[in-house]
Structure formats: structure tokens, C-alpha cells
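Asks: Here it is, the structure in full.
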């Protein structure tokens, strides 16, 4: 299941959802907030998501991965709201019969989520500046307002 959540992620509880008697492999990915990006000292991040579309598209990605990689199970949760350095922003987990498919599927899911799911990231820098990261609509309009 794909979810956008406002509360901290619990990787052990999430991993427990992957249990399956036929699974020979479990692969998880944790994306954390780091304190630097492209030479800027980052002090926190802010994530916004368009929930109606994000959940639908995120679930479509998980469904694709289950089919493509013959997975037993796939889950992904992405945080929204303000996150501190070290907080977990995204969690992906899969279980499958074999490790190769599990590794490939986990990478496929996170790459597709980053590319297709409408979740936007605003970095807040130590120097007091802030900016939306890789938001083409904001860049094209020259606006810091993120109301789309």
C-alpha cells in the first residue's frame, strides 16, 4: 500500500507487513533528510503532496512492481510536513521469492516514486534562504509560492 503520512515512520512495524511464508528475500530502503544539498547547508525540509493523485499514482507504481518482479508484497510510505535532519522521509519495502527481484523492485519503486508521484520538497537553509527543489512549475513562474 502507498501512503502519505504526517507522523514519523516506524521501519520495524512497516517491515513486519512484508512477512510471507513464500518469501526468501526482503529489501527495504530508507530515505533520510541530510544536512547538505548541492553545496547548501540544509537545516530542515518541508514536503507537500497532492494526496488524491499521489496515493493513486504511488499505488499504481507498487502494483506495477508486484507484477513486473513477481513480488509477494510491496509497501511505500512518504512523509509530508516539516522534517528535521535525520528524519526518515520515505520508506520502501518489498518481499519476494528471491533477492535479485527484491533488490531490483525496491530500486524501481523509489525511482518511480521520485519521478511520478506529486510530492514536492522545500529546503530550508542555514543562511535563512529556502527553495523548492526541482519544481519546474515554480522555476518557470519565478515564484516561491507553491500553490499548484
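Values quoted throughout were computed directly from the atomic coordinates according to the rules given, and no laboratory measurement underlies them. Please read these numbers as outputs of a predicted model, since none were measured by experiment. Here Cβ is always computed from backbone atoms with ideal geometry, including for glycine, and neighbour counts include all displayed protein chains.
Asks: What is the Cα radius of gyration of the stretch 13-121 over 2.2 N^0.38 Å, N being its residue count?
Replies: 1.12
Asks: Using Cα atoms only, what is the angle between the long axis of helix 51-69 and the major principal axis of the chain, expressed in degrees (0 to 90) to the nearest 10?
Replies: Rounded to the nearest ten degrees, it is 40.
Asks: Identify which of 12, 123, 57 has the largest mean-square fluctuation in a Gaussian network model of the chain, with springs joining Cα atoms closer than 10 Å.
Replies: Of the options given, 12 has the highest mean-square fluctuation.
Asks: Just to be sure I understand: with springs between alpha-carbon atoms less than 10 Å apart, which residue in 115, 124, 73 has the highest mean-square fluctuation in the Gaussian network model of the chain?
Replies: The residue that fluctuates most here is 115.
Asks: Then there's this: How tilted is helix 99-116 with respect to the longest principal axis of the chain? Cα atoms for both, answer in degrees (0 to 90, nearest 10).
Replies: Approximately 30 degrees, to the nearest ten.
Asks: Same structure again: Which residue fluctuates most in the GNM of the chain (Cα springs below 10 Å): 131, 22, 97?
Replies: Judging by the Gaussian network model, the answer is 22.
Asks: Let me ask something else about it. Taking 7 Å along the Cα-to-C-beta vector as the label spot, tell me the residue 20-residue 64 distance in nanometres, rounded to one decimal.
Replies: Modelled inter-label distance: 1.9 nm.
Asks: Work out the FRET efficiency for residue 35 and residue 134 from their Cβ-Cβ distance, taking R0 = 25 Å, and round it to the nearest 0.05.
Replies: That gives a FRET efficiency of 0.85.
Asks: Taking only C-alpha pairs under 8 Å that are 6+ residues apart, what is the relative contact order of the chain in percent?
Replies: Here the relative contact order equals 33 percent.
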